[in-house]
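Down below is the structure, laid out as C-alpha cells.
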Amino acid sequence: MGRPTITAVIPAAGSGSRMGAAVPKQFMELNGHPLLDWTLAAISQADEITSIILVTPPDDVARLTGKYVENARWPKITRAIAGGTTRATSVYNGVRAAETEWILAHDAARPFVSPALVRRTVEAALRHGAATAAIAAHDTLKTRDGDFLGESINRATALIIQTPQVFRSADLIAAHERLRHEGKEWTDETSLLQHAGIKVAWVPGEAANMKITTPDDFRMAQVMAERSPFVKGPARI
Ligand code: CTP
Ligand code: MG
C-alpha cells in the first residue's frame, strides 16, 4: 500500500568491554533468555520491519546463522553476517547486505524497544529523510575536565540519542565511503549522516529503551525483564 519495506540491521558484534563479563553482553541471559533474543523478539514484533540482518562477531556467524536464521521461530531474520572492529563498520556491513531502500539500525544492547517507538521513528524518517529516537536530558549536564567540572551544557537544548535510527541505505553507504578515511569513531549513524550534511529528525524515545552498557544497567534490565512477558515468536504471547 505504498509503504516501503524496511530492513532492520542489528549490530551485535561488540565485545562488551565496559560490562566486563565472561561473554559479550548480548549473549548474557536476561530472565532466562539471551539479551539478544529479547531485542530480536522486540524488533520482530514491529510490522514496519520486513527483514532483519543480524551483525555478529566474525567467529560466531555460523553458530548464530544456525540459531537465528535456520529456525522457523525467527522468520524475519534473513542473514547473520560478520561485523567489524567498530560499531560504524558493523552497521555498514549490515547495510551493504540489505536489499531495501530504507534501513532501521537498532543496537542489540537495547532489548526493550517497543513497536510504538519503531513506528514513530519510521514515520519521521519517511517524512524527513532520516530520524532517530532521542530523549531529553533531565540531569544537569557538564563537560569533564579531568577530576574537575568543565563547561555547563545547556540542558534545554540537549538530547540523549538512542536507537532505532532510520535512514536511506544509499545515504549511509555514501557517507561511510566518503568519511571513513577521516579516522573518526562514529558512535552512531546520526553522527555520520549529519557529518555528511544530512538532516536527521528526532522523535521521543523511551526510558525503557535503555542501552545496557555496565553491570549496573544489567541489574536494572534484569528487574525490567522479570516484569515483561518474553515474546517467543512472531506472535505476542
Ligand atoms: N557493536 C558492533 N560492532 C562493534 C562494536 C559494537 O556491532 N565493533 C554493537 C554492540 O554489540 C552493541 C551496539 O553496537 O549492540 C552498541 O555498542 P556498545 O553498547 O558500545 O557495545 P560494545 O561495544 O559491545 O560494548 P563496549 O563499548 O563496552 O565494549
Ligand atoms: Mg562499544
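The values are calculated or read from the model by the stated rules, or taken from the named source; none is laboratory data. Given the structure is predicted, the values throughout are model-derived calculations rather than measurements. Please note: Cβ atoms are built from the backbone with ideal geometry, for glycine as well, and neighbour counts cover all protein chains shown. Keep in mind that these areas ignore ligands, DNA and RNA; they rest on the heavy atoms of the full protein, side chains included. Shrake-Rupley method; radii C 1.70, N 1.55, O 1.52, S 1.80 Å.
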Selected residue (criterion: nearest to the chain's Cα centre (by Cα)) from residues of the range 69-106 that are over 14 Å from Thr56 (Cβ atoms) and hydrophobic (A, V, I, L, M, F, W, C): Ala105
Selection within the range 25-42 - within 16 Å of ligand 2 (Cβ to nearest atom) and either open to solvent by 40 Å² or more (accessible area, probe 1.4 Å) or part of a helix (DSSP H, G or I) (or both): Lys25, Gln26, Phe27, Leu35, Leu36, Thr39
Residue selected from the range 5-14 under the condition at pLDDT 95 or above and farther than 16 Å from Asp217 by Cβ, by the criterion farthest from ligand 2 (Cβ to nearest atom): Ile6
Unmet requirement for Leu172, which otherwise passes all of (1) touching a strand residue (DSSP E or B) at 6+ places or on another chain (Cβ under 8 Å); (2) open to solvent by 30 Å² or more (accessible area, probe 1.4 Å); (3) hydrophobic (A, V, I, L, M, F, W, C); (4) within 16 Å of ligand 1 (Cβ to nearest atom): (2)
Restricting the range 45-77 to residues that are open to solvent by 30 Å² or more (accessible area, probe 1.4 Å) and among the aliphatic types (A, V, I, L, M), the residue that is nearest to Gln26 (Cα to Cα): Val61
Residues within the range 162-205 that are closer than 16 Å to Thr86 by Cβ, assigned to a strand (DSSP E or B) and touching a Phe, Trp or Tyr at 6+ places or on another chain (Cβ under 7 Å), tallied: 0
Failed condition for Glu226, given (1) within 15 Å of Glu29 (Cα to Cα); (2) surrounded by fewer than 16 Cβ atoms within 10 Å (Cβ to Cβ); (3) within 16 Å of ligand 1 (Cβ to nearest atom): (3)
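Out of the range 43-57, which residues are farther than 18 Å from Gly14 by Cβ and either of a type in the set (Ser, Thr, Tyr) or assigned to a helix (DSSP H, G or I) (or both)? Lay out the reasoning, then the answer.
The initial filter retains those residues of the range 43-57 that are farther than 18 Å from Gly14 by Cβ, namely 44-51.
Matches in the range 43-57: Ser44, Thr50, Ser51.
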Unique match (being touching a strand residue (DSSP E or B) at 6+ places or on another chain (Cβ under 6 Å) and away from ligand 1 (no atom under 16 Å from the Cβ)) among Arg120, Arg79: Arg120
Some residue of the range 8-21 being hydrophobic (A, V, I, L, M, F, W, C), touching an Asp or Glu at 6+ places or on another chain (Cβ under 9 Å), within 9 Å of ligand 1 (Cβ to nearest atom) and part of a strand (DSSP E or B): yes
Among the residues listed as Thr56, Thr85, the single one being under 18 Å from Asp188 (Cα atoms) and free of Cβ contacts under 8 Å to residues at least 40 places away in the same chain: Thr85
